[in-house]
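What follows is a single structure, written as structure tokens, with notes after it.
The values are calculated or read from the model by the stated rules, or taken from the named source; none is laboratory data. Model, not experiment: these values are computed from the prediction. Heads up, the Cβs are rebuilt from the backbone with ideal geometry, glycines too, and the neighbour counts pull from every protein chain shown. Side chains are part of the model used for accessible areas, which takes the heavy atoms of the whole protein and leaves out ligands, DNA and RNA. Shrake-Rupley method; radii C 1.70, N 1.55, O 1.52, S 1.80 Å.
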Amino acid sequence: MDWNSTLAEQAEPSMSRRSSLPLSSTIPASPNTVWVDATPLLQAACTDLLDGELIHGENFNLFAAMSALEIMDPKMDSGMICKYYSVDEAIEDGVGPVPISFDRTTDVQCTLDIMDHLLACEATWHKGHSLAQTVFSCIYLLRPERTVPSPILHSYCKIIRATCKAIVSVVSDARTHEEEDLFTMAYGLPLDGDGDEKSLSLLNAVEENLCRQLRACKAQSSRRKQDMEPLQSDIDMEEGYCKALLCRLRFRKHFFHVLACMRRPQGKGLELARKHIASSISELECIRKSADFLISTASGGCSIGIEDRTTASGRQPIGFDASLNSRVSAPAPPRSIKMLSWNKAIEYFEKLLRDLDFICSYSLDPSLEVLLRFVTQFQSSRPDLVARSHLQLLLVQEGRLYGRDPMFAVITRAAGLPETTKNHDIQRYESVMQLGQLVINMLKIVCTNTAWQRRKLGKSLQDWRVIYVQLELAFTNKFGEVLAASKDENGVARVVKQILIWLEEQAYWIAFRFLMLGFELELYSPSEFFMVYWYLYAVLVKLAEKTDSRMEITEITAAKRKGKKRKDSSKDVGRETRIPPAVRFLQCQIHLVEGLTLLHAALRNEMAALHSLTPFNSEQEIFLQHFELLQKACIPEQITYHSFKESTSYARFSNIATPNCFQQAQKMAKELRSSFSNDHDRLAELRRLEQVAEHNSVAMNVICQLGAVEPNSLKVSFEFVHHPCYATAVVRRA
Amino acid sequence: MEGERAEEAEKSKEEKAIFDASEIEYVSYAGEHHLPLIMSLVDQELSEPYSIFTYRYFVYLWPQLCFLAFHRGRCVGTVVCKMGEHRNTTFRGYIAMLVVINPYRGKGIATELVTRSIRVMMESGCEEVTLEAEVTNKGALALYGRLGFIRAKRLFRYYLNGVDAFRLKLRFPQLDMHPAYIAVQNE
């Protein structure tokens, strides 16, 4: 290895910039510093150093070491792999000819291939690769002016650039973190074209022309045929080619409209967006169907397997070189790119459009509870970055919910306070304003990828706790007197009290989501399910309790307001016995996790199963690590490892089956169906809960009966067959 | 940092080596002559590319945390680590690379290597040990699970190849502290 090959190329751009500045003249020596010529020292060091050695300074940390790239090492040096040193060189070498071919049929075929490959590139980009190495690996996109003589290709390239720009904008505006830095990096790429209007008008003109050509070739009378110059020279294929091009162009048009409509303020374009989504999906279907025709045109058959081909025809597209932009990509080792196939790209766009449609179908309900349920439902289909960014931008605009409702109004509504409270003076109180910010942050967080989301939700719990304590303090110190003096029922004290109840409920909801996401992200090993279900139980009990208090207060408030007019208080009487369905929904899950905890506990206590000894630490450290963020935020209060040990140490096969928690959960889930007959999502969740409960109820009976006789004959495992978070026990004979 | 592939149940054309556990010799990093052995093992087995600076950064600063496993003079496995203050609050050990070549996997060599490093970390006053592993690397996840690591976080598309990682964490017991005190201290 020679000296040149081991030179470190620092990632920080400031380093290279600094070297070109005349340092001594710009930074004068101060009383504590002095300028010394370091050349002799460096020279001495150079003669002393062997190849590959470095001088280690205090500030040379892991990041610096990892940022160092070895030049000329193909594993690290992105520039090593490129075939051409510049786009111009590639063009000179004939990589992206214009026109693609002087044979018009070939020209059309190649244009279709380029369109298809670009779709695959775009989907690959959306899935997490750089724009430069995917979409902009297309020479025709990199030199916009070159395609002017080929209107179809030109219009397609234009709309692709405009679409990319729109997508970069939505993702960078949403700042969904962690994944967007690579996604939005568009440095040095010609994204700024002539503007959206021109892109669309050209596309429309080309579309119209193709329509006429299609009509002409379909027309019976030869007179009309002569009016119109055909698209290409093979008359038998004319219709097929026209149709294949048309659906591809139309898809781009509608998709571009979808993106534009969804960005309209306050969700005003959602209805129109849905129409374009429907059109986009139907054009995608036409594109898919065009494959049969296009494969038949590929002379000599196709050698690439269907899983790898990036074009409908199966041909390799002309005009692409993924290494062209390696010099403008990030100063990091080259990332390997596995391009999505054409089939997968279409599937990706269909999923994206369905996710976007789900967003557009949302009613912009002012209730935070409804909204959070909606977002959770949305996230359960694992939407990708683009759809999540759109949702986030819809939810929070200019610090308001949907750009419409001020945060304080959202909070008072969530807390069950009357409409009039939304103008209450308390909104100017600092903690209340911070609470508003916290809600905004929460809304943004729940739109991010679930890995990031869980971390951020966990960390935010402490902020919720701080605001709670601050509000509570202010309420007792400052406003306590106000309450005593005025006895004003609509006064500050009552508003704060109700907000506090809701705030606690919200924090427990976050904790619940935090714990549940751990299952989806596979963060718990089977030996840890036990403690997670136990903690989940503790959180759910509190969540149900807070939800119930908040709903009760809301109901009383509403009744009182009505009562003022009608003096009818008979409805209040039944409250104690009637638990709201939302609370019973939680209670059903409480029974379920209680059953799971007891089952695990009994298995551990009786069989030493699911119990592992580790050499360096104990179960206590594992408990503390998993629930550290919850413990720090006092969620719930007075929950410790010792309370966990204590409450689970008595479980035995002889005492866990009566009362059977799973049976209770199952019964409750059945009963609740009628309460949610109009709520499709919760009905589906109830069905899942019921299945888990039913299966576990049977499993528990088997375990308890057999376990009492011959405990070592059992082999019990837990699988997520009916629900992503609530496990089903599977019993086998050992 | 890297998804360890130790003990991964990968199909390999290379045949499993037949040997007795006692034939494996474990040595602590002893100088520049070990560096090429470490580099070639890591380069050959792990997906992430590292510059020579990364290797030197680790083995020069924490030679006591680096171990090599030899079988009849052939280097068959290695572990490279560091330790230090994390965000000025926690003294933390970090396992950067763990490799055992395929024919020698499944015999506890990786466990022995990493256990030696962790023991030194513990004796040096570390409160916890962390590392990253690919979510698909079942072998490594099982290995660290047996040692008491938990999956603390999932890191979205952490590796250059686009795969998610788990951040694994092992906390040592703080014997002089009552759990309630730990809770208070964490506030």
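In the stretch A:484-497, is there at least one residue being at pLDDT 95 or above, buried (at least 17 other Cβ atoms within 10 Å of the Cβ) and of a type in the set (D, E, K, R)? No. Looking across the stretch A:685-734, the residues that are within 18 Å of A:Pro526 (Cα to Cα) and in a strand (DSSP E or B) come down to A:Leu714, A:Lys715, A:Val716, A:Ser717, A:Phe718, A:Glu719, A:Thr728, A:Ala729, A:Val730, A:Val731, A:Arg732. When each of A:Arg335, A:Arg288, A:Arg309 is tested for being at pLDDT 90 or above and assigned to a loop (DSSP other than H, G, I, E, B), the lone residue that passes is A:Arg309. At pLDDT below 80 and more than 24 Å from A:Ala558 (Cβ to Cβ): is that true of A:Thr476 in this structure? Considered against the rule, which asks whether it is at pLDDT below 80 and more than 24 Å from A:Ala558 (Cβ to Cβ), A:Thr476 comes out as yes. Scanning the stretch B:150-165 turns up no residue that is more than 25 Å from A:Trp125 (Cα to Cα), among the hydrophobic types (A, V, I, L, M, F, W, C) and more than 7 Å from every other protein chain (Cβ to nearest Cβ). Looking at B:Phe91, B:Phe58, just one residue is in contact with a strand residue (DSSP E or B) (Cβ under 7 Å, 6 or more places away or on another chain), away from every other protein chain (no Cβ under 12 Å) and in contact (Cβ under 8 Å) with a residue 24 or more places away in the chain, and that residue is B:Phe91.
Do we have any residue at all in the stretch A:367-377 that's in a helix (DSSP H, G or I), over 21 Å from A:Glu505 (Cα atoms) and open to solvent by 30 Å² or more (accessible area, probe 1.4 Å)? Checked the stretch A:367-377: no residue is in a helix (DSSP H, G or I), over 21 Å from A:Glu505 (Cα atoms) and open to solvent by 30 Å² or more (accessible area, probe 1.4 Å).
The set of residues in the stretch A:385-412 being closer than 28 Å to A:Trp452 by Cβ, buried (at least 18 other Cβ atoms within 10 Å of the Cβ) and free of Cβ contacts under 8 Å to residues at least 60 places away in the same chain consists of A:Ala387, A:Leu391, A:Leu395, A:Val396, A:Leu401, A:Met407, A:Phe408, A:Val410.
Against the criterion of being surrounded by fewer than 24 Cβ atoms within 10 Å (Cβ to Cβ) and under 12 Å from the mean Cα position of the chain (by Cα), B:Arg92 does not qualify. Mind listing just one residue for me: the one in the stretch B:61-88 that is outside any strand (DSSP E or B), touching a strand residue (DSSP E or B) at 6+ places or on another chain (Cβ under 8 Å) and not polar (S, T, N, Q) and, of those, surrounded by the fewest Cβ atoms within 10 Å (Cβ to Cβ)? Ranking the qualifying residues of the stretch B:61-88, first place goes to B:Pro63. Against the condition of a type outside the set (D, E, K, R) and open to solvent by 10 Å² or more (accessible area, probe 1.4 Å), how does B:Thr130 come out, does it pass? Against the criterion (of a type outside the set (D, E, K, R) and open to solvent by 10 Å² or more (accessible area, probe 1.4 Å)), B:Thr130 does not qualify.
Of all the residues in the stretch A:61-96, those that are more than 14 Å from every other protein chain (Cβ to nearest Cβ) and either part of a helix (DSSP H, G or I) or surrounded by 15 or more Cβ atoms within 10 Å (Cβ to Cβ) (or both) number 11. Taking the conditions exactly as written (of a type in the set (D, E, K, R), within 14 Å of chain B (Cβ to nearest Cβ) and free of Cβ contacts under 8 Å to residues at least 12 places away in the same chain), does A:Glu637 satisfy them or not? In short, yes. Only residues that are buried (at least 19 other Cβ atoms within 10 Å of the Cβ), over 20 Å from A:Thr376 (Cα atoms) and basic (Lys, Arg) were counted in the stretch A:414-459, giving 0.
Here is a check on your reading of the model: is B:Gly106 modelled with pLDDT under 95 and within 11 Å of another protein chain (Cβ to nearest Cβ)? So B:Gly106 fails the test. Contact list please: Cβ distance under 9 Å, first residue in the stretch A:615-633 and within 16 Å of A:Lys456 (Cα to Cα) and more than 7 Å from chain B (Cβ to nearest Cβ), second residue part of a loop (DSSP other than H, G, I, E, B) and of a type in the set (A, V, I, L, M), pairs at least six apart or on different chains. What qualifies is A:Phe627/A:Ile635; A:Phe627/A:Ile639; A:Leu629/A:Ile635; A:Leu630/A:Ile639. Take the residues of the stretch B:40-54 that are open to solvent by less than 20 Å² (accessible area, probe 1.4 Å), more than 14 Å from A:Ala68 (Cβ to Cβ) and part of a helix (DSSP H, G or I): which is farthest from the other protein chains (Cβ to nearest Cβ)? It comes out as B:Leu41.
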